[in-house]
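Below is one structure; the comments refer to it alone.
The values are calculated or read from the model by the stated rules, or taken from the named source; none is laboratory data. Quick caveat, the model's predicted, so the values are computed rather than measured. Neighbour counts run over all protein chains shown; Cβ positions are idealised from the backbone, glycine included. These area figures cover heavy atoms from the full protein model, side chains too; ligands, DNA and RNA do not enter into them. Shrake-Rupley method; radii C 1.70, N 1.55, O 1.52, S 1.80 Å.
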Amino acid sequence: MPFIQINIIKGRSPEMKEKLIKEVTNTVSDVLEAPIESIRVLINEMEPAHWGIAGVSVKQRKENSQRGE
């Protein structure tokens with residue numbers, strides 16, 4: 001039974017997450033030749049302040065870019 005975990009920043013619409021689940025499920029089914037019924041997808045949504053890139057949180061990076069930094 002394939003189990004896929006996806007980490008994303010909060011803020012995507014429910015429709016986008018539904019599409020992501022469907023597309024990932026279909027792709028894994030095709031690649032692994034696994035029945036769709038056996039595939040599990042878990043989306044972990046992270047707060048922007050809890051995710052860092054190059055030593056800076058995504059929240060701070062967004063604030064910096066809005067200020068033109």
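I'd like the residue in region 1-59 that is among the β-branched types (Val, Ile, Thr) and out of contact with any strand residue (DSSP E or B) (no Cβ under 8 Å at 6 or more places or on another chain) and, out of all such residues, is least open to solvent (accessible area, probe 1.4 Å). Step through it out loud before you land on a result.
As a first pass, look at region 1-59 and keep what is among the β-branched types (Val, Ile, Thr): 4, 6, 8-9, 21, 24-25, 27-28, 31, 36, 39, 41, 43, 53, 56, 58.
Going one step further and asking which of them are out of contact with any strand residue (DSSP E or B) (no Cβ under 8 Å at 6 or more places or on another chain), we end up with 27, 31, 36, 53, 56.
Working: 27: 77, 31: 111, 36: 84, 53: 75, 56: 46 Å².
Only one residue fits best here, namely 56.
If only residues of region 14-53 that are part of a loop (DSSP other than H, G, I, E, B) and either modelled with pLDDT under 95 or in contact with a Phe, Trp or Tyr (Cβ under 9 Å, 6 or more places away or on another chain) (or both) are counted, the one that is farthest from residue 4 (Cα to Cα) is 51. So which pairs qualify, if the first residue must be in region 1-25 and over 19 Å from residue 35 (Cα atoms), the second must be part of a loop (DSSP other than H, G, I, E, B), the Cβ gap must be under 9 Å, and the two must be at least 6 apart or on different chains? Qualifying pairs under 9 Å: 7/51; 9/47; 9/51; 10/47.
Residue 66 passes every criterion in (1) surrounded by 12 or more Cβ atoms within 10 Å (Cβ to Cβ); (2) without any contact (Cβ under 8 Å) to a residue 24 or more places away in the chain apart from (1).
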